[in-house]
Amino acid sequence: TAESAPFDRTTDALWDRMLAVNVTGAFALCRALIPKMIARGFGRVVNVASTAGLAGCAYSTAYCASKHAMVGMTRAIALEIARTPVTINCVCPGWANTRMADEAIARIAEKTGRGEDAARRALEAMSPQGRMVEPEEVALVVAMLCSDEARSIHGQAIPVDGGQVMR
């Protein structure tokens, strides 16, 4: 979930909602499931953060803070469980062809007076590849992180963004 507002117009309700969905929910799942995974002798946790968890972005203070918190939480848990058969990582998608992007494009078009095609092109231009990520690309990284072969990938925040965070 991503909602936008200038930081000085970010309400307590918006702030609380972003943290509840993006941090507290993930924390509750980790706390409930990781001990069971450890007891079973295997487990993989892949939190879905965002490039907003790796770099700031204007008008999204609450969302960015929540995604940065998710990355930090993932890394902290990773250190605590490092000697167990459970790994925990984050994927950090950039703009992806999803309903969330469509909603953002509509908001951008409405607020700027640009058409939706122009708003979409602006988001695509954020990536050096000049395109949005496809959901299947993110799913492939998640599947790889869940494999036994990924047992040494632990505590990482992996961008799937066409190079967006390099800019």
Problem - Residue among 145, 140, 79 that alone is at pLDDT 95 or above, of a type outside the set (Gly, Ala, Ser) and crowded, with 19+ Cβ neighbours inside 10 Å - result: 145
Fill in the blank from the handout: From the option list 115, 155, 130, single residue qualifying as without any contact (Cβ under 8 Å) to a residue 40 or more places away in the chain, on the phi > 0 side of the Ramachandran plot and not β-branched (Val, Ile, Thr) is 130
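Would you check which residues across the stretch 112-130 are part of a loop (DSSP other than H, G, I, E, B) and surrounded by 14 or more Cβ atoms within 10 Å (Cβ to Cβ) and list them?
Once the filter is applied, which keeps residues that are part of a loop (DSSP other than H, G, I, E, B) and surrounded by 14 or more Cβ atoms within 10 Å (Cβ to Cβ), the stretch 112-130 yields 114, 126, 127.
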Practice task
Could you tell me which residue of the stretch 112-167 is farthest from the chain's Cα centre (by Cα), considering only residues that are among the basic types (Lys, Arg) and within 15 Å of residue 97 (Cβ to Cβ)?
Solution key: 121
Practice task
Considering each of 66, 4 in turn, give the residue that is of a type in the set (Ser, Thr, Tyr), over 22 Å from residue 137 (Cα atoms), surrounded by 13 or more Cβ atoms within 10 Å (Cβ to Cβ) and over 14 Å from the mean Cα position of the chain (by Cα).
Solution key: 4
Handout entry: Residues that are more than 20 Å from residue 20 (Cβ to Cβ) and either in contact with a helix residue (DSSP H, G or I) (Cβ under 7 Å, 6 or more places away or on another chain) or assigned to a helix (DSSP H, G or I) (or both), drawn from the stretch 58-84
Key = 75, 78, 79, 80, 81, 84
Completion exercise
Filter the stretch 7-57 for residues that are touching a residue at least 12 places away in the same chain (Cβ under 8 Å) and assigned to a loop (DSSP other than H, G, I, E, B); the one that is surrounded by the fewest Cβ atoms within 10 Å (Cβ to Cβ) is 41
Problem - Lone unmet requirement of (1) touching a Ser or Thr at 6+ places or on another chain (Cβ under 6 Å); (2) aliphatic (A, V, I, L, M); (3) over 30 Å from residue 148 (Cβ atoms) for residue 38 - result: (3)
Handout entry: In the stretch 76-129, the residues that are touching a Phe, Trp or Tyr at 6+ places or on another chain (Cβ under 6 Å) and farther than 19 Å from residue 59 by Cβ
Key = 85
Practice task
Give the residue, chosen from 61, 74, that is more than 26 Å from residue 140 (Cβ to Cβ), surrounded by 19 or more Cβ atoms within 10 Å (Cβ to Cβ) and touching a residue at least 40 places away in the same chain (Cβ under 8 Å).
Solution key: 61
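The values are calculated or read from the model by the stated rules, or taken from the named source; none is laboratory data. Not measured: the values here are computed from a predicted model. When we count neighbours, we look across all protein chains shown, and the Cβ atoms used for this are built from the backbone with ideal geometry, even at glycine.
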